[in-house]
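Comments concern the structure below.
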Amino acid sequence: MAPSFRIGTRGSPLALWQANRVRDDLIAAHGLAPDAVEIVSIKTTGDAIQDRPLSEAGGKGLFVKEIDEALLDGRVDLAVHSAKDLPTELAPGTSLAATLERADVRDALIGGVAPTLDALPAGAIVGTASLRRGALALRRRPDLKIVPFRGNVQTRLDKLGRGEVAATLLALAGITRLGLAQHATEILDETVFPPALGQGAIAVTARADDARVRAALGPLDHFATAAALACERAFLAVLDGSCRTPIAGLARVDAAGWLSFRGLVLSGDGGRTVEGEGAGSAAEAALIGAEVGRDVKGRTPPDLLAAFG
Ligand SMILES: NCc1[nH]cc(CCC(=O)O)c1CC(=O)O
């Protein structure tokens, strides 16, 4: 029998873990047979480019283009993404159909020569491809040398093991999913080291007009996470953050449905930050994020804004 749902995903171990999580949840929610959900791994341009920072090659969209095409062609019925890797504008004809409950949002330091950011030797080399992590690390330790660092999580751990860098920074959610959290030597507090918008959340997209798939994904949606993500993505959309601007922020929704958001833009060297805050009902998530975005944008010096592509 043909599978009822085909899930498109990147082929990295983290992406496959996340797709399997959605597969298991779909099967459990609807009492499906195990072979009713098939995972289709799709190689993206972003996966193929290994030799230069993606911010130079065209950015985030590089990881989703081929998957969106497969979705729109009907080769797959839904697609699973790390929410933080989803471009602010989804491809026309696709839409967010579910956001799974968020995992830990924090970043972890994986120290080779010392366990914490503060304990790294003067001038130590920290590998990260994330402008946000680079800027936040420099804000605390201006003496560090940040070098670009790519590849999947295991590749990065291998480079660290070979001593190519003194430390690297990764999302705790990702290394936990891969069973590699024991490598974390410091978990960075989200108030001093705010995460990427969407960090720790898994987003599922579907064809906007596919009522069958969208309804099937309904039970997988976690309201508080979906609201937090809507807020964070609205903030990002107003700032029009190209992947050359370090941007961070986090929305939280409490049990009463009250959403609090803090978002910031940094200079590349972490020396300057423009920060904003907002709060309100989770039902107004996107409005809150957009308002904080406009406020931050209005107070951001032109030279920081010049980094916007
Ligand atoms: N850009 C890669 C990426 N996309 C999502 C995660 C981690 C999982 C998550 O944030 O949900 C990672 C790796 C990392 O940042 O360490």
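Bear in mind these aren't lab numbers, they're just calculated from the coordinates by the rules spelled out. Computed from a prediction, not measured in an experiment: that's the story for all the values here. Methodologically, a virtual Cβ is constructed for each residue, glycine included, from the backbone with ideal geometry; neighbour enumeration extends over all protein chains shown.
Rg over Rh for region 223-309 works out to 1.00, using Cα positions for both radii and the Kirkwood form for Rh.
Amide H contacts for Ala171 (H built 1.01 Å from N in the peptide plane; partners 5 or more residues away or on another chain; cut-off under 5 Å): Ala108. Rg/Rh, computed from the Cα trace of region 130-170 with Rh as the Kirkwood radius, has the value 0.97. Considering every Cα-Cα pair within region 107-187, what fraction, in whole percent, is farther apart than 18 Å? When all Cα pairs of region 107-187 are counted, 30 percent exceed 18 Å. Angle between the Cα long axis of helix 285-299 and the longest principal axis of the chain, 0 to 90 degrees, nearest 10? It works out to around 30 degrees.
In order along region 133-140, phi translates into HN-Hα couplings of 5, x, 5, 5, 5, 5, 4, 8 Hz, rounded to whole numbers, per the Karplus curve 6.51 cos²θ - 1.76 cosθ + 1.60 with θ = phi - 60° and x for Gly and Pro. Restricting the trypsin sites (Lys or Arg not before Pro) of region 134-169 to loop positions (DSSP other than H, G, I, E, B) with no more than 14 neighbouring Cβ atoms within 10 Å leaves Arg162.
Along its principal axes, the chain has C-alpha extents of 61, 44, 36 angstrom, given from the largest down.
Ratio of alpha-carbon Rg to the 2.2 N^0.38 Å globular estimate for region 107-255, to two decimals, please. Normalised Rg, Cα atoms only: 1.18. Scalar couplings 3J(HN,Hα) for region 87-104, obtained by applying the Karplus form with A = 6.51, B = -1.76, C = 1.60 to θ = phi - 60°, are x, 4, 9, 6, 4, x, x, 10, 8, 5, 10, 6, 10, 6, 4, 5, 8, 4 Hz; x denotes Gly and Pro.
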